[in-house]
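Right, one structure below, let's go through it.
Coordinate-derived values only; no laboratory data. Note that the structure is predicted; figures quoted are calculated from it, not measured. Methodologically, a virtual Cβ is constructed for each residue, glycine included, from the backbone with ideal geometry; neighbour enumeration extends over all protein chains shown.
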Amino acid sequence: MKKIIFSNLTIIIALVLGVIFGLLQNNFIYQIASFVSTIFLNLLKLIGVPIVFLSLVSNIGGMKSFDEMKILGRKIFTYAIITTLIAATIALILFLIINPTHQSDIAITTTEKSASYLSFLIEAVPDNFFKAFVNNNVIAVAILGIIFGFAILFLPKENKKTLSHFFHSFFLVFLKITKFIIALMPIGIFGFVCLFVKEIKQNSDNLKDLILYSSCVVGANLIQGIIVLPLFLKLKKISPTKTFKGMSAALLTAFFTKSSNAALPISIKCSEDNLKISSKVANVTHSLCSVINMNACAGFILITTLFVSKSFGMHFSILEMIMWIFLATIAAIGNAGVPMGCYFLTSAFLSSMNVPLYLMGLILPIYAIIDMIESALNVWSNSCICTVIDKELKEPIRAPIKTIE
């Protein structure tokens, strides 16, 4: 308890100091904050991609049978798709209510958009083992992890045991490194908050100019995070408050690093230590969800694409807007949980539609705030899914197979 109190206290102190020093407008302080935050973020990136691979390989390969993996994987994909579809739907409803742009009579087809995303999916499939790691291609690394894990799962018992032990031991090494990085988290948070305050002060005019657009994106995220996901937990008879408190360190990390992948190691640790979720469920669920469960990204892609396109005169029928719910959901599943991942993916969509990216430049300054909220929401959604799945697998009536420990 003392350790938990001390850890939370240091984070609060780091937050306060970050705000104070951020308001001083001192370039030397900003340079220090930039140095500290960059080092901390690099350390998280250093272990993020390997942990995705090792977690999937060691945990899938360590399953007792394919049936055990099948039921866990089915639950993860089902809940990820459902929550992401809901997030995209909420985003469209808010966009229609607030209506931050005016429509014109220029029609738009969906052929180019579909072709563009198919090309994106093709590029996401790894063609070189080492290239996927060097380029920090999280999607490719996750695919490799799943392939390796399933391959080990079907090996003879003796070979399976040897490889499972090897990858699991290697995975524990990275978890040990994670503990050292967590100890440095208050220093990293100080740097991120300091730069965050600076960015707000320097771009206040742009924030006002895009207030309607921002209210759509932020509002959709808040509704998903504060209303939808807690209701999801309550329907499963799980306390949203307890879950939120248990995952607070991971949520803070995602918020200030703007990366759900960077928060992955801490998310796994919080699930195991604070929420008492089984190791296999925590590792497999968070690792897969960090790739396929991007609730916030779906909302951002939908709102931003419609906002920018309609601002340049494009017209969307109601049916086309509804179709964007599914397109944004698919795109979000293929998006990497890295800083500005949704921004670049949305820019690619708009480019394929021959839409000028001038407005994306205006959105960029405030995206720092949006990206923080989105990253935290993605981790919160992952945590809710992980908690629900763990409970369902521990209920004999709902999950007749043996409990995953």
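Kindly write out, for segment 12-18 in residue order, the coupling ³J(HN,Hα) from the Karplus curve 6.51 cos²θ - 1.76 cosθ + 1.60 (θ = phi - 60°), rounded to whole Hz, with x marking Gly and Pro.
Here the 3J(HN,Hα) series is 4, 4, 4, 4, 5, 5, x Hz.
Given a Förster distance of 35 Å, report the FRET efficiency between VAL173 and ILE98 from their Cβ-Cβ distance, rounded to the nearest 0.05. It would help to have the intermediate numbers written out before the result.
Values: r = 49 Å, r/R0 = 1.39.
Calculated transfer efficiency: 0.10.
So what J values fall out for segment 93-101 if you push phi through Karplus, 6.51 cos²θ - 1.76 cosθ + 1.60 with θ = phi - 60°, rounded to Hz, Gly and Pro as x?
4, 5, 4, 5, 6, 6, 6, x, 10
Per residue of segment 296-312, what does 6.51 cos²θ - 1.76 cosθ + 1.60 with θ = phi - 60° give for ³J(HN,Hα)? Whole Hz please, x for Gly and Pro, Karplus curve as stated.
Those phi angles translate into 5, 5, 4, x, 5, 4, 5, 5, 5, 4, 5, 4, 5, 4, 5, 5, 9 Hz.
Let me know the charge dipole size of segment 186-335 about its Cα centre in debye, to the nearest 20, where only the beta-carbon of Lys, Arg (+1) and Asp, Glu (-1) is charged.
560 debye
What is the spin-label model distance, in nm, from ILE39 to VAL19 if the labels are put 7 Å beyond Cα along the C-beta direction?
2.6 nm
Using Cβ contacts closer than 10 Å as the measure, can you line up PHE196, PHE130, PHE300 from fewest to most?
Least to most surrounded, the residues fall as PHE130, PHE196, PHE300.
Using the 2.2 N^0.38 Å rule of thumb for compact globular proteins, work out how segment 202-314 stacks up: its C-alpha Rg over that value, please.
So segment 202-314 has a normalised radius of gyration of 1.27.
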